[in-house]
Amino acid sequence: MGNLIPSLSVVMPAYNEEKGIEKVVRKSAEILKNICQEWELIIVNDGSKDKTEEILKNLEKEIKNLKIVSYFPNKGYANALREGFKEAKYDYIFYTDSDGQFDLSEIKNYFPLIYENDMVVGFRIKRNDPFIRKITSKTYNIMQKFYLKIKARDINCAFKIFKASFLKTIPLISEHFLIDAEFFLRAKERGARYVEVPVQHLKREKGESSVRFKTIFQTLKEMKRLKEASK
């Protein structure tokens, strides 16, 4: 199996994922067990209105290294990530979404890069999303690259590894999906190092994304606030 990852906290936000969350959690736990010496899987239930919380609570009783953070009402993507990061206990933190569109076994391939960097960030080789989702995301990326001057191939790719010593000391103020852009801005402010790596993007098997065109317009105001705060 080669060298195992010494320790890793994995954070996943979840919102109304009842159709697929059990499969994602079980598969993730199995992969982490095989690639890590020490690990924890933190699922943040961000005010789901379906049976996501019930399913997660049952899984928590069964899977030793699974930790559930749950609250109501929904507070948004960025808040869910911050709550998960606060709970993380290991020196290295990985985050992804709970829709099963990334293969967690790829973490092992790129983990050695984190020793020389503060972030290891993925970019999707080929997106397996519906057309409208691709257009929304592309528009979102262009806006951020132009307005916030971020140099990255795939800003909001939910495949990122962090040193906890970096992640837990940066002031994250985003409320919604702009938190991905904020990671890059905070890294630039602090002279932190990051490397981009190609990752596979899988088709979502169950449920649907909560990102819509309205998310872009909702983000405009937050983008302005973030730019002013980073001056």
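Read the figures in this text as sums done on the coordinates, not as results from a lab. Just so you know, these numbers come straight off a predicted model, no measurement behind them. Here the Cβ positions follow ideal geometry from the backbone for every residue, glycine too, while neighbour counts run over all protein chains shown.
For segment 1-56, what proportion of DSSP beta bridges, expressed in % and rounded to the nearest 5, is antiparallel? Here the share of antiparallel DSSP bridges comes out near 0 percent.
Evaluated at q = 0.13, 0.17, 0.20 Å⁻¹, a Debye calculation over the C-alpha positions of segment 153-202 (equal weights, vacuum) places log10 I(q)/I(0) at -0.32, -0.54, -0.74.
Taking amide H positions as modeled 1.01 Å from N, with prolines and chain starts lacking one, the residues under 5 Å from CYS36 and 5 or more places away or on another chain are ILE5. Across segment 51-57, rounded Karplus estimates of 3J(HN,Hα) from the backbone phi angles (6.51 cos²θ - 1.76 cosθ + 1.60, θ = phi - 60°) give 9, 4, 4, 4, 5, 5, 4 Hz, Gly and Pro being marked x.
In the chain, helical runs assigned H by DSSP with n ≥ 4 each contribute -39500 (n - 2.57); averaged across all residues and rounded to the nearest 500, the mean residue ellipticity at 222 nm is -12500 deg cm²/dmol. Within segment 5-229, DSSP assigns beta bridges of which about 25% are antiparallel (rounded to the nearest 5).
Segment 99-145 has equivalent-ellipsoid semi-axes of 25, 16, 7 Å, by the square roots of 5 times the alpha carbon gyration tensor eigenvalues, sorted largest first. When Rg is the radius of gyration of the Cα atoms in segment 5-229 and Rh is its Kirkwood radius, what does Rg/Rh come to? Result for segment 5-229 is an Rg/Rh of 0.93. Only Lys, Arg, Asp and Glu carry charge here, each on its Cβ (+1 for the first two, -1 for the last two); on that basis the chain has a dipole of about 860 debye about its Cα centre.
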